[in-house]
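Right, one structure below, let's go through it.
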Amino acid sequence: MANDIIDLSQLDLKKLDYSKTILTVCGAVAALLFALAFLEIIGGIDTPLLWIDYVFIALMAFCGPYGFYKSAQRKKVKDIEVRLPEFLRDVAEAGRFGMTLAQAIKVSSRGRYGKLTPEIRRMAAQIDWGVPASEAMRLFAERVDTPLVRRMTSIIIKANDAGGSVSDVLTMVAHDAREAMLNQAERRLAMSTYTVVIYVAFAVFIATIYILNSTFLPKMTEAGTAVAEGAEKAGIDTSSLATINVGVIPTIQMLFIISVLIHAFGDGILAGVLSDGEISTGLKHSFIMLLIGIIGTRLI
């Protein structure tokens, strides 16, 4: 029966993770929008949107749902890890009264540990059903699946299998987990400064484009018109000058929009890597910057 419970737990774990499904759907939607952008470039379709608009929307469709889903998962894991040292200390205290690891987990499951409470109660239920305490801890580590939890549970399982009192090991592990949490909090606080700098730099970049578009490009148009009028008065052919004047400005504006697109996508991923060390978290920042970028360029 224990094997059946283990298999069901692993099956539930796979069902609850929709990362691959979301990534597949987002990738398919993004590919469709990229195809529309290509058709817009070659003139296969005629819509009010430009091809660069489809590229913006395609990247947002790819980054947004998957990035926010992974960020929500990561937040849930952080909430679990924060309460983990408290749970381990309670289990250690119960072990000092002569309880086994299984009994200590069952007693501690009556407490409240925030987001960690359902996982602890699931471990206690598995122990009631006949699953060994070490196996219940292993399944817990697979469900949460973070380096910290895997390291903590691995030490506890080995200490429990070796026999004897596990309370001292649990106390040491709880202290180590608390120190790891403090180190992670300090790192996030330090890296959050760089994330803010990236957002500010992106805003300054858009503001610079606005200034160039509102001051420099109109001056280019006026200068071209003045040169064309002077040449016309002098009897010089102005057809080539007029063509350059009309063609260069939209090209420069399109280059501005493309540069905003590249910066938004790349800077967002960089912000996620600096803050959390994961590209998936950076996709959330990329979505936000792409949204800011497409609205900003349209206002400009």
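Bear in mind these aren't lab numbers, they're just calculated from the coordinates by the rules spelled out. Keep in mind that this is a model prediction, so the values were computed, not measured. Positions of Cβ are backbone-derived with ideal geometry, glycine not excepted, and every protein chain shown enters the neighbour counts.
Structure summary
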{"item": "For segment 58-137, alpha-carbon Rg relative to the globular expectation (2.2 N^0.38 Å, N residues)", "result": "1.44"}
{"item": "Point-to-point label distance, Met191-Thr21, nm (Cα→Cβ direction, 7 Å offset)", "result": "2.9"}
{"item": "For peptides 267-279, 179-191, sequence by mean Cβ density within 10 Å, most packed first", "result": "267-279, 179-191"}
{"item": "Contour minus Cα-Cα distance for His175 and Thr47 (0.36 nm per residue)", "result": "40.0 nm"}
{"item": "Cα extents of segment 97-205 along the three principal axes, largest first (Å)", "result": "62, 25, 22"}
{"item": "Ala35-Lys158 FRET efficiency (beta carbon distance; Förster radius 51 Å; 0.05 resolution)", "result": "0.45"}
